Amino acid sequence: QNQKTKEQIESLLQNGKHRELRDRLCCRLTFGTAGLRSAMGAGFCYINDLTVIQSTQGIYKYLERCFSDFKQRGFVVGYDTRGQVTSNCSSKKLAKLTAAVLLAKDVPVYFFSTYVPTPFVPYAVQQLKAVAGVMITASHNRKEDNGYKVYWENGAQITSPHDKEIIKCIEECVEPWNGSWNENLVDTSPLRQDPLKKICDCYMEDLKKICFHRELNMQTNLKFVHTSFHGVGHDYVQLAFKAFGFQPPIPVPEQKDPDPDFSTVKCPNPEEGESVLELSLRLAEKESAKVVVATDPDADRLAVAEQQENGCWKVFTGNELAALFGWWMFSCWKENCSEDADVKNVYMLATTVSSKILRAIALKEGFHFEETLPGFKWIGSRVKDLLENGKEVLFAFEESIGFMCGTSVLDKDGVSAAVVIAEMATYLEGKNLTLARKLTEIYETYGYHISKTSYFLCYDPPTIKRIFERLRNFDAPQSYPKFCGIYNILHVRDITTGYDSSQPNKKSVLPVSKSSQMITFTFQNGCVATLRTSGTEPKIKYYAEMCALP
């Protein structure tokens, strides 16, 4: 029923573009590290009205099977500010269709009346005791993309086997049901509620649990600049700073309002560093603000830059920020914990491709450190398990600037991370330290951790497969490389096949993940390097780290 996407298919047909039709129509979306994600446009492997309706029908079918109280507890729907005129596709419209499918089946829907940060959806699922939730977002992807992120009742993104089962259910009901196209249901159905005020108020109140120096925050002369990268972050970061007692951060005027074209940046990913932070750094210099915080378009990730003594800016990597957050969250816990608190009950987590700095801090301080597969969905689920077993989780992260401070939200959250960094910078200034100087102190104490992470773009899946197959059959069938240049490889772990040469039974401790490519090499000299395919973009990513002793 979407004329624009219908025309796209008709025009391909008229112009005899059979190969492109095959590409668009002969495969279905699958769940990657962050749910369904693809370009907006016509086709079953694209994000559009129809594929969102189909996905939601599949989810309805699966949830009905899993929860007898589905129609009492309801479902949460949120969305960001993405959109594409050429396919008449916007996050809000896709969210309305998501809600319509469920409302037409008499499921209560908590539908946010305006755009929200991604972390608000998992937070709302837990607060409202809903059975699940969906966020329509493609986070920091290019402007052509959109996505569909699914959260389970525990407030964490879905993992296996739910994703596989949902895909099966989607395939069983691809024909849109009566009422599924009725996007006006969110405005007329008595089953629709707007959770915005309640969730925003509760979230800001919960945020205060990780505020430890309110008096300092209220008195500081430090100034902060915030950019929301043309996304959802502005209002929410302003409120978070207020909750911590700060003056509001100075917004970058050209980037504070939503713009689906992301017109002032070459790509809307704050991870790209100084090149995309240009406007915020210049504004900070003009306002003599020493620290810049940048949330990505759906405000679940955070980049930070700090002006150094020589006037240059240091843009921190995700791994460097994690070292600072890890030190900070543990110090604050130590200062504020009760007499009988047991450090052995305390946990921090990271994905396996992230820096091992938390492991080093944990070894020295006595708390636990755990690793998961890449993707915050694995962290969220594991944290929920730990909490249910009475453990205390202070912090978790992935190197791609995704941070979870505290456990109010079981997903990465750029809003809370931004205000925690502001409090940390304020505290350090009182000790005559900068974030960069503190980072050096952390490395001096716990050992230097030097990492290099980057990526290659590859738009051809068969090429990617060939690259990884070659590594698995390097000198002979089923043998991996023994050297890389002059450097000796000690161990190989292949998450795709479940092989790990360092284990007595040669089996990987982390679960096998057949649908994605990932191989880790451990070198004789202590360097660890991983190659993997991205779950959200056409990238082959690499991660390498050297860890020195304290």
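The values are calculated or read from the model by the stated rules, or taken from the named source; none is laboratory data. No experiment lies behind these values; they were computed from the predicted model shown. Don't worry about glycine lacking a Cβ; one is built from the backbone with ideal geometry, like all the others, and counts go over all protein chains shown. When the accessible area is computed, the model is the full protein with side chains, heavy atoms only, and any ligands, DNA or RNA have been set aside. Shrake-Rupley method; radii C 1.70, N 1.55, O 1.52, S 1.80 Å.
Observations
- The residues V85, V174, sorted by heavy-atom accessible surface at 1.4 Å with ligands and nucleic acids left out, run V85, V174 from largest to smallest.
- The mean sequence separation of alpha-carbon pairs under 8 Å and at least six residues apart, normalised by the residue count of the range 319-447, gives a relative contact order of 27 percent.
- Overall size of the range 206-264 from C-alpha positions, given as principal axis extents largest first: 40, 26, 11 Å.
- Where the chain is the region considered: accessible area per residue in Å², 1.4 Å probe: 42
- At least 20 Å along the helix axis (C-alpha) and Kyte average at least -0.5, DSSP helices within the chain: 49-66, 318-336, 414-430
- Checking every one of the trypsin sites (Lys or Arg not before Pro) in the range 217-282 against DSSP loop status and a limit of 11 other Cβ atoms within 10 Å picks out K266.
- Of all segments of the chain bounded by GluC sites (Glu not before Pro) found in a DSSP loop with no more than 11 other C-beta atoms within 10 Å, the longest spans 1-308.
- Shown for the chain: the carbon plus sulfur share of the solvent-accessible area, taken with all protein chains present and a 1.4 angstrom probe, equals 51%.
- At q = 0.15, 0.27 Å⁻¹, base-10 log of I(q)/I(0) for the range 435-499 (Debye sum, equal scatterers on each alpha carbon): -0.74, -1.24
- Take each peptide in 405-414, 50-59, count the other Cβ atoms within 10 Å of every residue, and average; sorted highest first, the result is 405-414, 50-59.
- Bridge type composition, the chain - antiparallel percent by DSSP, nearest 5: 65
- Net length available on complete extension from R65 to K129 is 21.3 nm, with 0.36 nm assigned per residue and the Cα-Cα distance removed.
- For the residue pairs K129/K412; K377/K465; K92/K168; K149/K223, alpha carbon separations beyond 29 Å are given by K149/K223.
- The eigenvalues of the Cα gyration tensor, multiplied by 5 and square-rooted, give the range 450-547 an equivalent ellipsoid with semi-axes of 20, 17, 14 Å from largest to smallest.
- Separation of alpha-carbon centers, the range 363-435 and the range 174-240, rounded to whole Å: 20
- Here the Kirkwood formula puts the hydrodynamic radius of the chain at 24.3 Å, using every distinct Cα pair.
- The residues packed around T530, meaning those with a beta-carbon under 11 Å from its beta-carbon, carry a net charge of 0 if Lys and Arg are +1 and Asp and Glu are -1.
- Rounded to the nearest whole Hz, the Karplus-based 3J(HN,Hα) values (6.51 cos²θ - 1.76 cosθ + 1.60, θ = phi - 60°) of the range 34-39 follow the sequence 9, x, 8, 8, 6, 6, with x at glycine and proline.
- Relative contact order (%) - the chain, alpha-carbon pairs under 8 angstrom, separation at least six: 12
- Taking a sphere under 15 Å around the Cβ of K208 and counting the other residues whose Cβ falls inside, with K and R at +1 and D and E at -1, yields a net charge of -3.
- Amide H contacts of C89 (H built 1.01 Å from N, under 5 Å, at least 5 apart or other chain): Q84
- Here K6 is the anchor, and the aspartates and glutamates within straight C-alpha reach of less than 20 Å, apart from those fewer than 8 places off in the same chain, are E20, D23, D49, E144, D145, E175, E183.
- Rg of the Cα atoms in the range 195-344, relative to 2.2 N^0.38 Å, amounts to 1.12.
- The range 298-334-the range 480-530 distance, computed between alpha-carbon centres (Å): 30
- Rounded to the nearest 20 debye, dipole of the range 375-449 from Cβ charges on Lys, Arg, Asp, Glu: 20
- By DSSP, the beta bridges lying fully in the range 220-378 are antiparallel in about 40 percent of cases.
- Taking the DSSP bridge list for the range 319-447 and keeping only pairs wholly inside it, about 30 percent are antiparallel.
- Each other residue within a Cβ distance under 13 Å of R82 adds +1 if Lys or Arg and -1 if Asp or Glu, for a net charge of -1.
- ³J(HN,Hα) computed for each position of the range 252-266 - Karplus, 6.51 cos²θ - 1.76 cosθ + 1.60, integer Hz, glycine/proline x: 7, x, 5, 10, 7, 9, x, 8, x, 8, 6, 5, 9, 10, 6
- Rg over Rh, two decimals, the range 319-447 (C-alpha only, Kirkwood Rh): 0.94
- Too-long pairs where the Cα-Cα distance tops 32 Å, listed order kept, from K209/K344; K344/K507; K93/K514: K93/K514
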